[in-house]
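Only one structure is covered here, and it is reproduced in the block below.
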Amino acid sequence: MFAHIALLLSLAAPGQDPAPSPEAGLLPDWELKPRVVKLSEGLDRVRPLLERLQPERWTAAGAPKQYEQQYRDCLETLSHAQNAAARLAERPNRLTLAVETLVRLETFIDLTASLTQAIRKYQNPAVADLVESELAAASDREWLRRHVLELSAVRERERETAEQEAQQCRERILRQTPRK
C-alpha cells in the first residue's frame, strides 16, 4: 500500500528535482553513471593540455627544478584520478570508490593549481588560464562531494539498522534459551 502511495506522489510531481534526500536513499547506478562518466571525460580533456607543457624549458629559463617533478606528479595524479573515476563509473554507489575518486580529484586539482602558477610565470599566462578553465569545467567536485556525503549517510544508517537487528536477534535467542 505504501509503495503505491509513494508511486502516485512521485507521478503527481513531475517537475520536481529527482535528487533524493538522505532519507530517500540513493539514486540507482544507471542514473549516477552519466555523472561519473562526465567527470571522467572532463579529466580526459585536461590531459592533452598538460602534456603540451614544457617544464624543461621553464627550468632552462630559471624556474626551480622542482617544477619538473611537480609536473610529472601532476600527470601521475591525473592518471590515478582517471582510473578511480573509471572504476566509480562501473559501481557509482560504492562508498570506497567515491571517496577514493574525490580524494584523488582534490589532490590533482591542488597540484594543478600550483602548477598553473608556474605556467603563468614561465610559459604563457593564456595557457594557464586555459588549463584552469578546462579543469574547472571538468571537475564536478561539488556533485562528487555531495554524493560521498549521501553515500556515507546511507551506509551509516544501514549499519545502525543492522546493529539494531542483530541486537534484537541476540535478545530473542537469550530469551529462548532454556536456563538450567
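Values quoted throughout were computed directly from the atomic coordinates according to the rules given, and no laboratory measurement underlies them. Note that the coordinates shown come from a computational prediction; the quantities given were computed from them, not determined experimentally. Quick reminder, even Gly has a Cβ in these numbers, built from the backbone with ideal geometry, and neighbours come from all protein chains shown.
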Quiz item: How large is ³J(HN,Hα) for each residue in the stretch 46-53, as worked out from phi by the Karplus curve 6.51 cos²θ - 1.76 cosθ + 1.60 (θ = phi - 60°), to whole Hz, x for Gly and Pro?
Solution: 6, 3, x, 5, 5, 5, 7, 5
Quiz item: With each label point set 7 Å from Cα along the Cα-Cβ vector, what nm distance links VAL37 and ARG145?
Solution: 2.7 nm
Quiz item: When the Cα centres of the stretch 29-43 and the stretch 95-120 are compared, how far apart do they sit, in Å?
Solution: 17 Å
Practice problem: Just subtract the alpha-carbon distance of GLU106 and GLU90 from 0.36 nm times their residue separation and send over the number in nm, one decimal. | Solution: 3.7 nm
